[in-house]
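The values are calculated or read from the model by the stated rules, or taken from the named source; none is laboratory data. Being a predicted model, the structure only gives us computed values, none of them experimental. Here the Cβ is made from the backbone with ideal geometry for all residues, glycine too, and neighbour counts use every protein chain on show.
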Amino acid sequence: MKRIVILISGRGSNMEAIVQRCAEQGWPAQVAAVVANRAEAQGLQFAAAHGIATAVVDHKAFATREAFETELARVIDGFEPDLLVLAGFMRILGAAFVRHYEGRMLNIHPSLLPAFPGLHTHRRALQAGCKAVGATVHFVTPELDHGPIVMQSVVPVRPGDDEHTLAERVLATEHVIYPQAIRWFVQGKLQLEDGRVSQLDGASQVLI
């Protein structure tokens, strides 16, 4: 039984989707804990209501990022995770922290990486005249919003779209592809080699 720890900063809608799919689909895994960097993160209430352990490591309580990440890793490791999942965790993580969880930390980003890393992805995509956008699940590496791609969704841009309507449709696909990618990980169906990720059953790694 694989143990999953999820990091959040706010509502954690992707966290909710992961918890629900794990239970509904009977993964060989459990969400062992949800950890937030803000005590007011709404997702903590959802986790507690579902019997999941919660913890808060407030980044503002530490003088340096290194001190925060040292404590964060200590708390996370106390739950003995096989997989660490970033679900709206709004902190940039340092190289030492990322290396500690190398090959067992996933993130989702609301663009078709490597396009539009960082913030305001939908606004930038619209400004660039993109005809399609989407989301990307990837293994985390020290370079921000990069790393081997596990799965992507593709969302057409419609006439009249603004960044908010586009964000809503992309988020709906995130709730599909993130749980799917995590399910593959805990089932041992992902192979990471030479910076590329393969699904060992040959299942599609693109949601269109």
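Can you find a residue that is more than 30 Å from Glu163 (Cβ to Cβ) and assigned to a helix (DSSP H, G or I) anywhere in the stretch 118-138?
Looking through the stretch 118-138, none of the residues is more than 30 Å from Glu163 (Cβ to Cβ) and assigned to a helix (DSSP H, G or I).
Kindly indicate which of Ala115, Ala167, Ala96 is of a type outside the set (Lys, Arg) and assigned by TED's automatic domain parsing to the domain that holds Leu83.
Going through Ala115, Ala167, Ala96 in turn, just one is of a type outside the set (Lys, Arg) and assigned by TED's automatic domain parsing to the domain that holds Leu83: Ala96.
Return yes when Thr141 is closer than 25 Å to Ala33 by Cβ, surrounded by fewer than 20 Cβ atoms within 10 Å (Cβ to Cβ), at pLDDT 95 or above and not assigned by TED's automatic domain parsing to the domain that holds Ile4 and no when it is not.
Taking the combined requirement at face value, the residue satisfies it.
Only residues that are of a type in the set (A, V, I, L, M, F, W, C), outside any helix (DSSP H, G or I) and within 22 Å of Leu192 (Cα to Cα): list them for the stretch 91-105, please.
Leu93, Met105
Scan the stretch 197-207 and tell me whether some residue there is charged (D, E, K, R) and more than 24 Å from Ala29 (Cα to Cα).
Taking every residue of the stretch 197-207 in turn, none turns out to be charged (D, E, K, R) and more than 24 Å from Ala29 (Cα to Cα).
Which condition number does Thr136 fail, the rest of (1) closer than 22 Å to Gln30 by Cβ; (2) out of contact with any Phe, Trp or Tyr (no Cβ under 6 Å at 6 or more places or on another chain) being met?
Unmet for Thr136, out of (1) closer than 22 Å to Gln30 by Cβ; (2) out of contact with any Phe, Trp or Tyr (no Cβ under 6 Å at 6 or more places or on another chain): (1).
Answer yes if at least one residue in the stretch 121-137 is small (Gly, Ala, Ser) and touching a His at 6+ places or on another chain (Cβ under 9 Å), and no otherwise.
Yes, the stretch 121-137 contains a residue that is small (Gly, Ala, Ser) and touching a His at 6+ places or on another chain (Cβ under 9 Å).
Just one of (1) surrounded by fewer than 21 Cβ atoms within 10 Å (Cβ to Cβ); (2) out of contact with any Leu (no Cβ under 6 Å at 6 or more places or on another chain); (3) in contact (Cβ under 8 Å) with a residue 24 or more places away in the chain trips up Ser198, so point out which.
Just one mismatch for Ser198, condition (3).
Tell me which residues, restricted to the stretch 159-168, are within 17 Å of the chain's Cα centre (by Cα) and either within 15 Å of His120 (Cβ to Cβ) or buried (at least 16 other Cβ atoms within 10 Å of the Cβ) (or both).
Ala167
Of all residues in the stretch 98-132, which are crowded, with 21+ Cβ neighbours inside 10 Å and touching a Leu at 6+ places or on another chain (Cβ under 8 Å)?
Of everything in the stretch 98-132, those that are crowded, with 21+ Cβ neighbours inside 10 Å and touching a Leu at 6+ places or on another chain (Cβ under 8 Å) turn out to be Met105, Leu106, Asn107, Ile108, Pro110, His122, Ala125.
Check whether at least one residue in the stretch 141-155 is without any contact (Cβ under 8 Å) to a residue 40 or more places away in the chain, among the hydroxyl-bearing types (Ser, Thr, Tyr) and in contact with a strand residue (DSSP E or B) (Cβ under 9 Å, 6 or more places away or on another chain), and report yes or no. Lay out the reasoning, then the answer.
Taking the stretch 141-155 and keeping what is without any contact (Cβ under 8 Å) to a residue 40 or more places away in the chain, we get 143, 145-146, 155.
Those left that are additionally among the hydroxyl-bearing types (Ser, Thr, Tyr): none.
Within the stretch 141-155, none of the residues are without any contact (Cβ under 8 Å) to a residue 40 or more places away in the chain, among the hydroxyl-bearing types (Ser, Thr, Tyr) and in contact with a strand residue (DSSP E or B) (Cβ under 9 Å, 6 or more places away or on another chain).
Here's a check for you: in the stretch 106-117, which residue that is assigned to a loop (DSSP other than H, G, I, E, B) and within 30 Å of Arg3 (Cβ to Cβ) is nearest to the chain's Cα centre (by Cα)?
Applying the filter and picking the extreme gives Pro110.
Take the conditions surrounded by fewer than 17 Cβ atoms within 10 Å (Cβ to Cβ), more than 16 Å from Pro179 (Cα to Cα) and of a type in the set (Gly, Ala, Ser) and apply them to Gly78. Does it pass?
Spelling it out, Gly78 is indeed surrounded by fewer than 17 Cβ atoms within 10 Å (Cβ to Cβ), more than 16 Å from Pro179 (Cα to Cα) and of a type in the set (Gly, Ala, Ser).
I'm trying to understand the selection: among the residues of the stretch 163-182, which are charged (D, E, K, R) and touching a residue at least 40 places away in the same chain (Cβ under 8 Å)?
Start the filter on the stretch 163-182 by keeping residues that are charged (D, E, K, R), which leaves 163, 168-169, 174.
Passing the criteria: Glu163, Glu174.
Could you run through the stretch 43-69 and say how many residues are over 15 Å from Ala23 (Cβ atoms) and in contact with a Ser or Thr (Cβ under 7 Å, 6 or more places away or on another chain)?
Final tally of qualifying residues: 2.
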